[in-house]
Amino acid sequence: MAVVTVPVLDFIFGRPLLRRQIVGAALAAFGVWALEMGQDLSSFTSDDLASLVQPIMFGLGFWRMEAAMEKFPTEAARLASGQLFMVFLVSLSYLVCWSPAGDDLMLQDACNVLPAVSDIIMWLSDPSIVAMLIWTGLITTAFTIYMETLALKTLSAAETTLIFSTEPLFGAAFAAVVANECLSEGGWIGSALIIGGCVISGVDWS
C-alpha cells in the first residue's frame, strides 16, 4: 500500500503523475498482495486489513521525508536521527503503557514485559545478543534509515516506495535459499508483477 499511498498523496496535493508511474504502482501493489497472500489469494481477514495501517504510514513517512530533504538537502543525518528517535519513543511508550504490572493481569506476553536491570546486564554480557543488537539496531535500522533518507535527495518518494515494494521479493528469495522454502504459484505471479511494475515505472517509454 505504500507504493499506492505516495502517488495518491502527490495527486491530491497537485503533483502531476505520469501514466507509467500509475501503472507501475498498481502492478507492484497487486504483486505484493499476491506474494504475501501465497496460494490462497481470495482470503482476506480483519487482521490483514489492520496490517494495512503500517504500509500507509510508511508511505506517508516517505512522502513527508521527501519534502524535508528538498528543504534541507544537506541534513540527511539529522533527519534520520529524528526518525530513529521517534521510533525509540513510540516503542518505549508501547512497552511502558502495555506492560503488565503484576502476575494477576491478563496480558502476559513476554515481549510486553519490562525487563529488570539484572536481565539487561545479563543480555549485554552475551556476545551473541550484543552482535544481534548491533546488526538489527545499527546496520538494518539506523544505517538503512540514513540511506533511505539520503536517497530521497535524488529520488522521489513515489520512486522510493516502488523500490521498497521489492522487499517481500527479496525476503522470499532469502527464505528459499536459507530455509528451503518454495514460492507458491501466487508468489511467482506476485514476483513477476513487482518486477514488471518497477520496470514500467522506471523506463521512459516515449
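The values are calculated or read from the model by the stated rules, or taken from the named source; none is laboratory data. This one's a predicted model, so the numbers in the text were calculated from it and none came from an experiment. All Cβ positions, even for glycine, are placed from backbone atoms using ideal geometry, and neighbour counts span all protein chains on display. For accessibility, only protein heavy atoms count, side chains too; no ligands or nucleic acids. Shrake-Rupley method; radii C 1.70, N 1.55, O 1.52, S 1.80 Å.
Some points to look at:
- Ala192 of a type in the set (A, V, I, L, M), surrounded by 18 or more Cβ atoms within 10 Å (Cβ to Cβ), modelled with pLDDT of 75 or more and part of a helix (DSSP H, G or I): no
- Meets criteria (at pLDDT below 85 and either open to solvent by 80 Å² or more (accessible area, probe 1.4 Å) or outside any helix (DSSP H, G or I) (or both)) for Thr161: no
- Test result for Ala173, surrounded by 16 or more Cβ atoms within 10 Å (Cβ to Cβ) and part of a helix (DSSP H, G or I): no
- Screening Ala142, Ala172, Ala179 for residues that are modelled with pLDDT of 85 or more, under 24 Å from the mean Cα position of the chain (by Cα) and of a type outside the set (S, T, N, Q) leaves exactly one candidate, Ala142.
- Residue list for region 146-197, restricted to those being within 20 Å of Gln21 (Cα to Cα) and among the small types (Gly, Ala, Ser): Ala151, Ser156, Ala157, Ala158, Ser165, Gly190, Ser191, Ala192, Gly196, Gly197
- Each residue in region 56-75 was checked for being in contact (Cβ under 8 Å) with a residue 24 or more places away in the chain, of a type in the set (A, V, I, L, M) and within 20 Å of Ala28 (Cβ to Cβ), and 3 of them qualify.
- Of residues in region 143-154 being outside any helix (DSSP H, G or I) and touching a residue at least 12 places away in the same chain (Cβ under 8 Å), the one most open to solvent (accessible area, probe 1.4 Å): Lys153
- Comparison of Leu124, Leu95, Leu105, Leu89 shows that the only residue that is out of contact with any helix residue (DSSP H, G or I) (no Cβ under 9 Å at 6 or more places or on another chain) and either modelled with pLDDT of 90 or more or surrounded by 11 or more Cβ atoms within 10 Å (Cβ to Cβ) (or both) is Leu89.
- Here Phe58 fulfils each of the conditions (1) open to solvent by 40 Å² or more (accessible area, probe 1.4 Å); (2) modelled with pLDDT under 75; (3) within 21 Å of Ala172 (Cα to Cα) apart from (2).
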